[in-house]
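The values are calculated or read from the model by the stated rules, or taken from the named source; none is laboratory data. What you are looking at is a predicted structure, and each value in this text was computed from that prediction instead of being measured. Cβ coordinates were reconstructed from backbone atoms using ideal geometry, including for glycine residues, and neighbour counts include every protein chain displayed.
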Amino acid sequence: MNSLSSVLEVTNLSVWFSERQVLSDIHLSLFPGELTVLIGHSGSGKSTLLQSINRLNEIFPVCRTQGEVQLCTERKKIRVYQSDVPLSEIRRRIGMVFQTPAVLPFSIFRNVAMPVRITLGYRGNVINERVEWALRQVSLWDEVKDRLHKNASTLSGGQQQRLCLARTLALEPDVLLLDEPTASLDFKSARKIEALLGELKTRYAILVVSHSLGQTLRVADRVCVIRDGRMVREMGKQELRNPAEFYRVIETYF
Amino acid sequence: MTLRREWWIQKGLLAATLTSVAAIFLLLFLLLYFSFPLLFSGDLKQLFSWRWNPFEGHYGILPMMLGTLLLSILSTVMAFPAALGICAFIYTHRNSCLSRLLLLVVHVMTSIPTVIYGFVSVFILVPPMRRIFAAGAGFCLLTAALTLGLLILPTIVLVFHAYLTQAGGSLRAVSESLGLTPMEQFCFVMLPSASRGLVSALILGFCRAVGDAMIPLMLAGNAAQIPASFLDSIRTLSAHVALVLATDSQSMAYQSVFASGLLLFVMIAMVTALAHHLNRNMLSRCR
């Protein structure tokens, strides 16, 4: 067990789409300074789990969720599904990056600045500083500082994904959820993102969905295997140090 | 078998396209052909003047052109905020019964015949206009613009709504995940990224307003004059064509119908070209 207290606690979480149960009784804790990787077959419920943590699954009218997700910030505990904290704050605190780079059809600058201005209410120079800070966090600043006002779609796939990450970081999240963040990227860009995750995990609790076992071994501190909507196995650092053991477990549970 | 079917489909589509293009060119050709004698006789100057008084030999159609422009611009300006509001409501209350009902009502509005709008307005809108403003008979630019605005509203709403739905899916998930409320999403994400759609919707609405003959004919009063206020009567090109065709068949007034038709055609072509140009510019800026 981790000696630190968890940042995010998922208890007894079950999700239904219409009549079909997609997740059953999920328990999961995310700790600061730790990167947890979710693995499982396509359709096993990984992305649904991610989206039920920040309540993004609510955009599907047929989705029904039961159980509890608790976010423990420095000052308060937020019960994600029952709290009177506005949904927008919950979404901001639990940042999310999608599988395909989802840049908004605006300039590079505006992609980061607009959400900062609207959700955090910052104005003027503070925004510029925040944009620069966020782009530096993802090592994108030097690549784009001369073309901040060019459309974000002019960036390469890897750069776009880092921009999405910067946009999320700029909103001061406590937890980062990443849904196969390197799935649509080439080898080099993927490695860059992985290196970045290694740095970011010292400051954020991170939950990543991955389909790549190699990547999982490289970046994970903890691995959760999910099958048919159930958490079937959890592996800690000890087990991950031994790749042979890791692959044996995967063979068993996949 | 499939290849053969595909060949037929391709040829069928090509034939349909060519027919529509040919129809438009034929229309232009006929309009030019009929206006030819006018265009190359000394009467042209007479036609493009500000006075319409056929009994005294004045056949100017410029007041009608001004009327068409004023009415179309005014009705588009009136329909725009309403259309935007309806689209915002439908977007922000996506899964509610009320927004579905609203969308249904808008769909139904497109299928109501124009003459019904005019007819209802004559009885419901004209009397209060007459009472409230106490100027004239109530058949004026403002009355026609209000009704025409209502008529083109569904066109604008549906075209823009289609753009929003098309651009919507992924953008919505992203902006939700960034913590934007539905209204913030609409104002700061959807509206700027679907601005092309909004321009297209407005242009389509405007073109419909330019082309409509029934509403101005029934509600604008049809006085061929330069209006001094919104409460003055106007005559549009389309209403002019309808009026003259119904009463005349050979005089100079009759000739003016072809010039009016040509003018309408050119106006709509110009607006469409402008829209195309704007869209292309916006696209290149996006890239």
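For the range A:146-199, the set of residues classified as among the hydrophobic types (A, V, I, L, M, F, W, C), outside any helix (DSSP H, G or I) and within 14 Å of another protein chain (Cβ to nearest Cβ) consists of A:Leu155, A:Ala170, A:Leu171, A:Val175, A:Leu176, A:Leu177, A:Leu178, listed by residue number. Considering only the range A:65-86, state which residues are surrounded by fewer than 16 Cβ atoms within 10 Å (Cβ to Cβ) and not in a loop (DSSP other than H, G, I, E, B). Those that are surrounded by fewer than 16 Cβ atoms within 10 Å (Cβ to Cβ) and not in a loop (DSSP other than H, G, I, E, B): A:Gln66, A:Glu68, A:Lys77, A:Arg79. Residues in the range B:47-64 that are crowded, with 18+ Cβ neighbours inside 10 Å and of a type outside the set (Gly, Ala, Ser): B:Leu47, B:Trp52, B:Tyr59, B:Ile61, B:Pro63, B:Met64.
Note on the range A:87-134: among residues that are β-branched (Val, Ile, Thr) and more than 10 Å from chain B (Cβ to nearest Cβ), the one that is farthest from the chain's Cα centre (by Cα) is A:Val126. Considering B:Leu14, B:Leu32, the condition of being surrounded by fewer than 17 Cβ atoms within 10 Å (Cβ to Cβ), modelled with pLDDT of 95 or more and out of contact with any Cys (no Cβ under 6 Å at 6 or more places or on another chain) is satisfied by B:Leu14 alone. Scanning the range B:153-164 for residues that are without any contact (Cβ under 8 Å) to a residue 60 or more places away in the chain and either more than 14 Å from every other protein chain (Cβ to nearest Cβ) or not in a helix (DSSP H, G or I) (or both) returns B:Pro154, B:Thr155, B:Leu158, B:Val159, B:Ala162.
Candidates in the range B:135-148 are the residues that are more than 16 Å from B:Ala213 (Cβ to Cβ) and of a type in the set (Gly, Ala, Ser); of these, the one that is modelled with the lowest pLDDT is B:Ala135. Could you list, in sequence order, the residues of the range B:176-219 that are crowded, with 24+ Cβ neighbours inside 10 Å and away from chain A (no Cβ under 14 Å)? Answer for the range B:176-219, where residues must be crowded, with 24+ Cβ neighbours inside 10 Å and away from chain A (no Cβ under 14 Å): B:Ala201, B:Gly205, B:Phe206, B:Ala209, B:Asp212, B:Ile215, B:Pro216, B:Leu219. Can you say whether A:Tyr253 is surrounded by fewer than 21 Cβ atoms within 10 Å (Cβ to Cβ), aromatic (Phe, Trp, Tyr) and touching a strand residue (DSSP E or B) at 6+ places or on another chain (Cβ under 7 Å), as far as the supplied structure shows? In short, yes. Note on the range B:38-66: residues that are without any contact (Cβ under 8 Å) to a residue 12 or more places away in the chain, in a loop (DSSP other than H, G, I, E, B) and of a type in the set (A, V, I, L, M, F, W, C) total 1. Tallying residues that are in a helix (DSSP H, G or I), of a type outside the set (A, V, I, L, M, F, W, C) and crowded, with 20+ Cβ neighbours inside 10 Å within the range B:117-152 yields 6.
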